[in-house]
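The values are calculated or read from the model by the stated rules, or taken from the named source; none is laboratory data. A quick note: this is a predicted structure, and the numbers were derived from the prediction, not measured. Glycine also receives a Cβ, built like all others from the backbone with ideal geometry; neighbour counts cover every protein chain displayed.
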Amino acid sequence: MASMAARLYMALSCLPAVFLCACSGGSQAGKCVPDAGVGCFVPTGNMTVARFEPSATLLPSGKVLIAGGFDSSQNSLASAELYDPSAGTFTATGSMKVVRSGHKATMLPGGKVLIVGGLDQSHAAIASAELYDPTAGTFAATTGKMTVARVGHTATLLPSGMVLVTGGLGNTSAELYDPAAGKFSATGSMTDIRSAHTATLLPSGRVLVAGGLGTGPAANPSDGGALDAGGLDGSVAASDGGVLDAGELEGGVAANSSESTAVLASAELYEPSAGTFSATGSMTTAREEHTATSLPNGMVLFVGGLDIGNASIGSAELYDPSAGRFAATSNMTAQRYGHTATGLPSGPVLIVGGWIDARADLASAELYE
């Protein structure tokens, strides 16, 4: 490992570039070169609109659709834009039919993007859904609405091409979206109310629904029928078919419990074949409202969030499945929570938007390389 002085010197050698990169790999073709196995964050173009809690969807073209979210006045947005990795810039695209934030976006097999639920301008949950057509650059309402208005829900593409939508504030219900019919229909309900939870597609085709607020610690897979609910957060599918859960705003505390909510650094692994969770190494920083992204090398990148003092975090760390432990990586160029993280086909992870401590939303974006 290079000394701090050496790292700083090599970082300063990148000053002729547009950015300053905290990496010691030197520079090449006007760009900083990351350390092997470490990586670094570098700024990229700014969004046309500052956003908190938008959706981010990787399109077949390699571009990323950023839609909706809150602006600096906490108004929900209808606008959307596209990030072009080849140019490093954002450009406006067609606006959604409905203003929304905290919604979910799912890439469908036919190439369109399904947008479901969220909060409207009055911060009320909505049941409407719409489709983005990348070819036309426009949104159109689906022929049917969800059976329940939802925010804090999940939307998971199933092997059948249908989309499983689960939970949300005050909800145990779940439903399926059929792209062929353009309609939603109810399916089996969860055993507990669950919001801000995760839903991870397993190799078997079942969906692990885990964590969230208003629930206990149990978690069980589902094949789109009856769902059991859990109490974890921050799930990401592991390369070996398991699921990694790390960090959370601890939920599931009973109304008469003396236990207080807490931001955690602990992490655990779900083994689908056994149907059990087991502890793994803890994160270097307790965090919640962070993002977790699988990298091409099998590691998992955890970025930003809020710490135990409810302050936004600029740090990031990597989970190594082979070693079962976390290690800090370079810091972001800005502290963020409520941001998005999207793995690009070329390898980098695009980090977009979010809020800082004063709830000033961010238009900036950066790449983890």
- Query: Residue check, G161 against (1) modelled with pLDDT of 95 or more; (2) part of a loop (DSSP other than H, G, I, E, B); (3) under 29 Å from E366 (Cα atoms), all met but one. Which one?
  - Reply: (3)
- Scanning region 291-318 for residues that are hydrophobic (A, V, I, L, M, F, W, C) and either assigned to a loop (DSSP other than H, G, I, E, B) or touching an Asp or Glu at 6+ places or on another chain (Cβ under 7 Å) (or both), the one farthest from P345 (Cα to Cα) turns out to be I308
- Query: Among the residues of region 143-176, which ones are closer than 22 Å to E289 by Cα and either touching a Gly at 6+ places or on another chain (Cβ under 7 Å) or small (G, A, S) (or both)?
  - Reply: R150, V151, G152, H153, T154, A155, G167, G168, L169, G170
- Message: Suppose we filter region 184-204 for residues that are crowded, with 22+ Cβ neighbours inside 10 Å and among the β-branched types (V, I, T); how many remain?
- Response: 2
- Task: Give me the pairs, please: first residue somewhere in region 146-157 and more than 18 Å from V98 (Cα to Cα) and surrounded by fewer than 22 Cβ atoms within 10 Å (Cβ to Cβ), second residue anywhere and at pLDDT below 95 and not β-branched (V, I, T), beta-carbon distance under 6 Å, and either six or more positions apart or on two chains.
- Result: T156/A199; T156/L201
- Item | Within region 109-158, tally of residues that are closer than 17 Å to S95 by Cβ, in contact with a His (Cβ under 8 Å, 6 or more places away or on another chain) and of a type in the set (G, A, S) | 1
- Message: If a residue must be touching a His at 6+ places or on another chain (Cβ under 7 Å), within 23 Å of I126 (Cβ to Cβ) and touching a residue at least 60 places away in the same chain (Cβ under 8 Å), how many such residues does region 159-210 contain?
- Response: 3
- Query: What are the residues in region 264-291 that are surrounded by 22 or more Cβ atoms within 10 Å (Cβ to Cβ) and touching a Leu at 6+ places or on another chain (Cβ under 7 Å), if any?
  - Reply: A267, Y270, R287, E288, E289
- Query: Which one of these does L65 not meet: (1) of a type outside the set (K, R); (2) farther than 17 Å from M107 by Cα; (3) not in a loop (DSSP other than H, G, I, E, B)?
  - Reply: (2)
- Query: Just to be sure, is A136 modelled with pLDDT of 95 or more and either part of a strand (DSSP E or B) or not hydrophobic (A, V, I, L, M, F, W, C) (or both)?
  - Reply: no
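Take the residues in region 60-97 that are touching an Asp or Glu at 6+ places or on another chain (Cβ under 7 Å) and among the aliphatic types (A, V, I, L, M); name whichever of them is nearest to V116 (Cα to Cα).
Looking only at region 60-97, we keep the residues that are touching an Asp or Glu at 6+ places or on another chain (Cβ under 7 Å), and these are 63, 66, 69-72, 76-77, 90-93, 96-97.
Imposing the further condition that a residue be among the aliphatic types (A, V, I, L, M) reduces the set to 66, 77, 92, 96.
Numbers: I66: 14, L77: 14, A92: 21, M96: 11 Å.
Across region 60-97, the extreme among qualifying residues is M96.
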- Note on the structure: The number of residues in region 336-346 that are modelled with pLDDT of 95 or more and in a loop (DSSP other than H, G, I, E, B) is 3
- Within the set of pairs 6+ apart or on separate chains, which have a first residue in region 77-103 that is assigned to a loop (DSSP other than H, G, I, E, B), a second that is among the acidic types (D, E), and C-beta atoms under 8 Å apart? M96/E130; K97/E130; V98/D120; V98/E130; V99/D120; G102/E53
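Criterion first (within 22 Å of M47 (Cβ to Cβ), surrounded by fewer than 19 Cβ atoms within 10 Å (Cβ to Cβ) and either among the polar types (S, T, N, Q) or at pLDDT below 95 (or both)) does I308 satisfy it?
Numbers: within 22 Å of M47 (Cβ to Cβ): no; surrounded by fewer than 19 Cβ atoms within 10 Å (Cβ to Cβ): yes; either among the polar types (S, T, N, Q) or at pLDDT below 95 (or both): yes.
No, not satisfied.
In region 315-340, how many are surrounded by fewer than 17 Cβ atoms within 10 Å (Cβ to Cβ) and touching a Gly at 6+ places or on another chain (Cβ under 7 Å)?
Looking only at region 315-340, we keep the residues that are surrounded by fewer than 17 Cβ atoms within 10 Å (Cβ to Cβ), and these are 320, 322-325, 327-328, 331.
From what's left, touching a Gly at 6+ places or on another chain (Cβ under 7 Å): 324-325, 331.
Residues flagged as surrounded by fewer than 17 Cβ atoms within 10 Å (Cβ to Cβ) and touching a Gly at 6+ places or on another chain (Cβ under 7 Å) within region 315-340 amount to 3.
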- Message: Quick check on region 72-98: of everything there that is of a type in the set (S, T, Y) and under 15 Å from M47 (Cα atoms), which residue is surrounded by the most Cβ atoms within 10 Å (Cβ to Cβ)?
- Response: Y83
- Message: Against the condition within 20 Å of T198 (Cα to Cα), aromatic (F, W, Y) and either over 18 Å from the mean Cα position of the chain (by Cα) or modelled with pLDDT under 90 (or both), how does F302 come out, does it pass?
- Response: no
